[in-house]
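Pasting a structure here, questions to come.
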There are 2 protein chains.
Amino acid sequence: MRLFAALFVTAAIAGSISAEEKRHDEAQKPLVLASQGSFFVGGESKTINSPGRGPGAPVVPGEVTINQMYVQYQIPPTGPRHVPVVMVHGCCLSSKTWETTPDGRMGWNEYFVRKNRSVYLADQVSRARSGFDASKITAVKAGTLPASELPNILSATHQTAWTIFRFGPSFNQPFPDEQFPVDAVDELYKQMIPDLNSTLPTPNPTWKGMAALAVQLKGAVLMGHSESGFFPEQAALVDPGGIKANISVEMPCPALTSAQISTLAKIPTLIIFGDHLTDVPGVWGSAFDTCQKFVEQMKAAGSDVEMMHLPKLGIKGNSHMLMQDRNNLQIADLILAWIDKHVEPGKNAQSK
Amino acid sequence: MRLFAALFVTAAIAGSISAEEKRHDEAQKPLVLASQGSFFVGGESKTINSPGRGPGAPVVPGEVTINQMYVQYQIPPTGPRHVPVVMVHGCCLSSKTWETTPDGRMGWNEYFVRKNRSVYLADQVSRARSGFDASKITAVKAGTLPASELPNILSATHQTAWTIFRFGPSFNQPFPDEQFPVDAVDELYKQMIPDLNSTLPTPNPTWKGMAALAVQLKGAVLMGHSESGFFPEQAALVDPGGIKANISVEMPCPALTSAQISTLAKIPTLIIFGDHLTDVPGVWGSAFDTCQKFVEQMKAAGSDVEMMHLPKLGIKGNSHMLMQDRNNLQIADLILAWIDKHVEPGKNAQSK
């Protein structure tokens, strides 16, 4: 009986290694793209008084463009046959989130492309290559606004990230089954950049940008994470026209009106949470509860909605940064299979 | 005689169209990559007091990472046989500079990859996905620093860009032979984001990052533009160890000591300028003169150095943004041929 159990465990581990090896082998093949590129969505002109650089440089009035959203895309040869996926990063991060992981493995951006899905990465408006509106900072420096009018800039520290991202119960202490590659955490810290979302108007231009991008693409799956986790739904509340599905990864779900639920219920929706939600100080237990309630409301309205709580599927130890965790491609496969089934039933994108 | 001249002109135009058509046809083929990804170079920890977001949020002390340089790369199948190229963008811009042009054509990043050169795009430290040090702004908001300590943020206006980038003699008036796609200038304006280089320590961490990247790549060609035009040389003055050639596009050349010239003279160097240098108000005439002097000093020190002034080659109408001009791939071909000849003589990368 013991021998039988040992053989069973060995076979299960071998099976698991084989799936990982298969993903790894695929990742070594050349990547073939039909096309790639980058562009902006949205943006508007604003008149500013721009100080020159250096002492005594004259102030020059003129227009700058603000609230534009930078988008970088890759289209695989079979991509045009399938609905593309738009990925938007979270707080204090950029689209780097979806690229090479901190320990150098393939990110979801390339893996989805290799699985025949066109991928569009958007830097949130006011972050990274999308730029930000610096006019209040320059006005305070020029003495025409008080310092209290400066934006609240959110710079998340390493200490904050460790527990909020659920690498472990306290700083530099990982969970025994932690899936995040904690030995490479310094490379994640380099991805963390100042968050100027407090400078944005209402509604957030990123929501409008995501909705407009989905229309422009004649249909898209929107995916958000953390700060942007509910942005797909917010985009749908701006304009659901182009949105074929919403994928929300790890965030609190806000209370919505029944009219809003009714709009969102028409869109296939996937909510994803990792492990250890209540094992760190902070918001994750209550965030999960608010999303459970959202899922129930959506179901009551007839929605094709799913709560994918990874530990319930036997997948343990995942952090908040699950797109960078050691089993990131296993989770990607779950998402790709969900898209195949719920967005394009009868068209298996993974078989080209 | 007139007929002969007319035929000659027709043949010359046909020849030119054919070369452009060939470049266009190549651009339509699938792109094959051995690999791609992104990572950071450099970066250091800094202790900050980070204000939370929203009113009354507590201040949390901890470490953030600053001065890291984000790098995005693509390696073609034959890339590992050849010296890679590192491209660094100019003022108020990001690596978007090198990607899809404002009017939707292929940028230098992809064209170089299609010509068998691995390409590394770096966002300057303090810009875009590299992030910036926000601590002085948060300290002024918290009342622990005076407003005069705020950084000088450079936000270039549309009006400034039009003439400084030499699209025409005055705002919205293009030169008759202008090569920049001025109908799509709004898309360039969306690329322009706040420049926080005034927050950087000395020497500029981007110089150190470029030098370190060249060492890490076991040899690289460094290319800079405008604000970063002389960064390849500045990187070589930090550490010339990994630098196989420097390409400087459109900038003033600073005065250097003979010891500095002696260091730089060992590195093959290409300086590039477009057209209309003295047809706009501003710095371009004198910038060209300072670089002519630099070239003479380098030649006197025995350097393999070339001043490529495009109008002297019969290539007219190029703006400051020549990597986005309508003839951008023609100029790319000149640069690729220069690299082949001066960095890898006897190894023609373009023939794989």
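Please go through the range A:93-113 and pick out each residue that is in contact (Cβ under 8 Å) with a residue 60 or more places away in the chain, more than 8 Å from chain B (Cβ to nearest Cβ) and polar (S, T, N, Q).
Answer for the range A:93-113, where residues must be in contact (Cβ under 8 Å) with a residue 60 or more places away in the chain, more than 8 Å from chain B (Cβ to nearest Cβ) and polar (S, T, N, Q): A:THR97, A:THR101.
Another question about this same structure. From B:SER286, B:SER248, grab the single residue that is in a strand (DSSP E or B) and without any contact (Cβ under 8 Å) to a residue 60 or more places away in the chain.
So the residue among B:SER286, B:SER248 that is in a strand (DSSP E or B) and without any contact (Cβ under 8 Å) to a residue 60 or more places away in the chain is B:SER248.
Considering only the range A:201-217, I want to know if a residue exists there that is within 14 Å of another protein chain (Cβ to nearest Cβ), open to solvent by less than 10 Å² (accessible area, probe 1.4 Å), in contact with a Ser or Thr (Cβ under 8 Å, 6 or more places away or on another chain) and touching a residue at least 60 places away in the same chain (Cβ under 8 Å).
The answer is no, given that none of the residues of the range A:201-217 is within 14 Å of another protein chain (Cβ to nearest Cβ), open to solvent by less than 10 Å² (accessible area, probe 1.4 Å), in contact with a Ser or Thr (Cβ under 8 Å, 6 or more places away or on another chain) and touching a residue at least 60 places away in the same chain (Cβ under 8 Å).
Next question, about the same structure. Assuming B:GLU233 fulfils every condition listed in (1) more than 16 Å from the chain's Cα centre (by Cα); (2) free of Cβ contacts under 8 Å to residues at least 60 places away in the same chain; (3) buried (at least 20 other Cβ atoms within 10 Å of the Cβ) apart from one, which condition is it?
(1)
I'd like to check which strands (runs of 3 or more DSSP E) are fully inside the range B:41-154 and have at least 3 residues that are over 27 Å from B:LEU217 (Cα atoms).
B:59-75
Report, by residue number, each residue of the range A:131-154 that is open to solvent by 30 Å² or more (accessible area, probe 1.4 Å), under 14 Å from A:PRO194 (Cβ atoms) and more than 7 Å from chain B (Cβ to nearest Cβ).
Hit for the range A:131-154 is A:ASP133, nothing else.
In addition: What is the number of the single condition among (1) surrounded by fewer than 24 Cβ atoms within 10 Å (Cβ to Cβ); (2) within 18 Å of A:TRP98 (Cβ to Cβ); (3) in contact with a strand residue (DSSP E or B) (Cβ under 7 Å, 6 or more places away or on another chain) that A:ALA184 does not meet?
A:ALA184 satisfies every listed condition except (3).
Can you find, within the range B:308-352, the residue that is farthest from B:PRO176 (Cα to Cα) among those that are of a type in the set (Gly, Ala, Ser) and open to solvent by less than 10 Å² (accessible area, probe 1.4 Å)?
B:ALA349
A further question on this structure: Do we have any residue at all in the range B:72-91 that's on the phi > 0 side of the Ramachandran plot and either at pLDDT 95 or above or assigned by TED's automatic domain parsing to the domain that holds B:THR144 (or both)?
No, every residue in the range B:72-91 fails to be on the phi > 0 side of the Ramachandran plot and either at pLDDT 95 or above or assigned by TED's automatic domain parsing to the domain that holds B:THR144 (or both).
Answer with yes or no whether B:ALA259 is of a type in the set (Gly, Ala, Ser), open to solvent by less than 20 Å² (accessible area, probe 1.4 Å), assigned to a helix (DSSP H, G or I) and assigned by TED's automatic domain parsing to the domain that holds B:PHE175.
No.
Of all residues being part of a loop (DSSP other than H, G, I, E, B) and more than 10 Å from chain B (Cβ to nearest Cβ) in the range A:155-175, which is most open to solvent (accessible area, probe 1.4 Å)? Just the residue, please.
The initial filter retains those residues of the range A:155-175 that are part of a loop (DSSP other than H, G, I, E, B), namely A:155-157, A:165-169, A:171-172, A:174-175.
With more than 10 Å from chain B (Cβ to nearest Cβ) added as a condition, the list becomes A:165-169, A:172, A:174-175.
Working: A:PHE165: 20, A:ARG166: 0, A:PHE167: 0, A:GLY168: 0, A:PRO169: 62, A:ASN172: 88, A:PRO174: 60, A:PHE175: 21 Å².
Among them, the one singled out is A:ASN172.
Taking A:ARG117 and the conditions (1) surrounded by fewer than 23 Cβ atoms within 10 Å (Cβ to Cβ); (2) touching a His at 6+ places or on another chain (Cβ under 7 Å), which numbered condition does it fall short on, given that it satisfies the others?
(1)
The values are calculated or read from the model by the stated rules, or taken from the named source; none is laboratory data. Keep in mind that what you see is a predicted model, and the values were worked out from it rather than measured. As a convention, Cβ positions derive from the backbone with ideal geometry for all residues, glycine included, and neighbour counts pool all protein chains shown. Side chains included, ligands, DNA and RNA excluded: accessible areas come from the protein's heavy atoms. Shrake-Rupley method; radii C 1.70, N 1.55, O 1.52, S 1.80 Å.
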